[in-house]
Ligand code: PMP
């Protein structure tokens with residue numbers, strides 16, 4: 001008997017492929033899965049435990065508990081100022097929020113513009129809607145910031161939405177204010193929805209100024225802002241995200257959520273609200289640590305033959321240009337990452353998994369210990385010397 005064409009065609013991400021491959025080996029040093037290496041701040045965990053023990057073990061409203069929606073509204077009071085009653089939905093991670101947004105905005109056959117290199121789930125999620133992915137490639141010489149003119153050129157009568165992600169996974173690019181303004185001007189007069197994935201918005205380094213694409217008045221009526229607690233508070237395992245959008249969009253996203261994940265646990269939501277209102281310092285503490293590790297990995301990678309890295313301005317990924325190395329080795333980036341794993345135990349992700357223009361790059365998550373970074377890059381240096 002045949003299963004659905006949809007699932008037959010859906011492929012897993014290359015990140016998980018590398019992760020699973022590494023599980024078969026001993027003595028690995030992993031730079032794969034994009035998650036903070038911190039445990040969630042203790043006060044947040046304590047809040048959750050308190051409410052589990054109080055017996056808050058039942059279903060909750062589909063849209064999310066009011067306490068958390070109010071905390072989100074308060075957190076965004078100086079930018080998006082969403083109404084907690086009808087402009088916020090709590091999702092099962094930002095992942096589900098993006099999927100619900102796509103299902104709400106896009107029909108089969110529509111086109112969705114994606115800037116690559118991009119988080120691979122976008123490709124799968126767009127495919128699940130039966131829509132087509134229209135790629136705009138961001139280039140290293142432009143610090144992986146998409147060229148607004150190229151976004152404009154990618155628009156066709158079928159374009160229904162665009163996904164933008166700043167700071168970016170995998171490149172760490174932060175779209176500057178001027179480019180944001182130009183992109184907003186292009187989208188303002190067109191019937192194109194904007195999904196602005198800002199999950200790394202709190203991880204912007206140095207003096208770089210962060211501009212939220214959702215903050216443009218001209219886009220307000222058609223933008224779904226996506227964020228979550230995974231990166232902000234090292235809460236990846238809690239599966240909590242949120243979307244901010246106009247009431248009609250939130251209403252339809254919530255209908256979908258009701259029929260899918262349904263609702264999220266009350267204690268987790270209360271704890272996340274507590275984090276937003278009381279644990280801002282914790283975010284800054286973790287950010288300072290990522291920034292130090294970014295500087296460490298970039299400094300060390302500079303000494304590896306055949307690779308180069310532009311210092312990423314946000315998130316916690318180094319998107320390493322390994323074109324010289326792949327060329328010298330006569331391998332694709334996927335083959336190189338596999339070979340590197342087999343020979344050295346260092347687990348990285350081939351850039352090609354983030355879109356065709358990622359070929360020749362490898363992604364390394366630096367949300368790992370300084371010891372791992374030092375030893376891991378040392379092994380890569382030894383490996384690179386062979387070529
Ligand atoms: N967007 C981007 C760009 C990501 O990198 C991730 C996680 N790796 C997510 C969304 C999803 O995050 P979560 O579902 O854990 O909130």
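One residue is enough: does the stretch 61-68 have a residue meeting the conditions crowded, with 18+ Cβ neighbours inside 10 Å, within 16 Å of the ligand (Cβ to nearest atom) and in the same structural domain as residue 167 (by TED's automatic domain parsing)?
Yes; the residues of the stretch 61-68 include at least one that is crowded, with 18+ Cβ neighbours inside 10 Å, within 16 Å of the ligand (Cβ to nearest atom) and in the same structural domain as residue 167 (by TED's automatic domain parsing).
Condition check ((1) more than 22 Å from the chain's Cα centre (by Cα); (2) within 27 Å of residue 99 (Cβ to Cβ); (3) buried (at least 19 other Cβ atoms within 10 Å of the Cβ)) across all residues:
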position: 227; (1), (2), (3): no, yes, yes
position: 231; (1), (2), (3): no, yes, yes
position: 243; (1), (2), (3): no, yes, yes
position: 267; (1), (2), (3): yes, yes, yes
position: 282; (1), (2), (3): no, no, yes
position: 293; (1), (2), (3): no, no, yes
position: 297; (1), (2), (3): no, no, yes
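For the stretch 208-321, give me every one of the strands (runs of 3 or more DSSP E) that falls completely inside it and has 1 or more residues that are in the same structural domain as residue 141 (by TED's automatic domain parsing) and touching a helix residue (DSSP H, G or I) at 6+ places or on another chain (Cβ under 9 Å).
On the way: elements: 223-228, 241-244, 317-321.
Where strands (runs of 3 or more DSSP E) fall fully within the stretch 208-321 and carry at least 1 residues being in the same structural domain as residue 141 (by TED's automatic domain parsing) and touching a helix residue (DSSP H, G or I) at 6+ places or on another chain (Cβ under 9 Å), they are 223-228, 241-244.
Any residue at all in the stretch 128-146 that is within 16 Å of the ligand (Cβ to nearest atom), more than 19 Å from residue 214 (Cα to Cα) and out of contact with any strand residue (DSSP E or B) (no Cβ under 9 Å at 6 or more places or on another chain)?
Looking for residues that are within 16 Å of the ligand (Cβ to nearest atom), more than 19 Å from residue 214 (Cα to Cα) and out of contact with any strand residue (DSSP E or B) (no Cβ under 9 Å at 6 or more places or on another chain), one finds at least one in the stretch 128-146, hence yes.
Please find, within the stretch 182-222, the residue that is nearest to the chain's Cα centre (by Cα) out of those that are more than 16 Å from the ligand (Cβ to nearest atom) and under 21 Å from residue 252 (Cα atoms).
In this case the residue turns out to be 193.
The values are calculated or read from the model by the stated rules, or taken from the named source; none is laboratory data. Predicted model, so just to flag it, every value in this text is computed and none were measured. Virtual Cβ from ideal backbone geometry, glycine too; neighbours counted across all protein chains shown.
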